[in-house]
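Report on the structure given below.
The values are calculated or read from the model by the stated rules, or taken from the named source; none is laboratory data. Quantities reported herein were computed from a predicted structural model and do not represent experimental measurements. In this analysis, Cβ positions are derived from the backbone assuming ideal geometry, glycine residues included, and neighbour counts consider all displayed protein chains.
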Amino acid sequence: MKEDLTNGPGVPTGFAMALAQNPDAMDVFSGLTESQRRRVLDKSRRIRSREEMRSYVDSLVGLDPEQLI
């Protein structure tokens, strides 16, 4: 069974909330491979402030997914 990486216990709440507020970033995140999504989520777990999380999610827009390999 494929894990749902866009919602569930493996997704930090702050990341999910920031992503929900940025539809363009949500589109980018949804278009990533499972491996790329895991890397994004791993980095998001190290973020400790709301402002930093929002900035990180905003940075997904225009991201070259190859940078995540």
Inside region 23-64, can you point out the residues that are farther than 17 Å from Pro12 by Cα and among the hydrophobic types (A, V, I, L, M, F, W, C)? Val28, Leu32, Val61, Leu63
Can you pull out the residues in region 42-60 that are surrounded by fewer than 18 Cβ atoms within 10 Å (Cβ to Cβ) and either over 12 Å from the mean Cα position of the chain (by Cα) or in a loop (DSSP other than H, G, I, E, B) (or both)? Arg45, Arg46, Arg48, Ser49, Arg50, Glu51, Glu52
List, please: which pairs have Cβ atoms under 6 Å, are six or more places apart or on different chains, and start with a residue in region 37-51 that is under 18 Å from Met26 (Cβ atoms) and end with one that is among the hydroxyl-bearing types (Ser, Thr, Tyr) and in a helix (DSSP H, G or I)? Ile47/Tyr56
Considering only residues that are part of a loop (DSSP other than H, G, I, E, B) and at pLDDT 95 or above, look in region 1-33 and name the one that is surrounded by the most Cβ atoms within 10 Å (Cβ to Cβ). Asn22
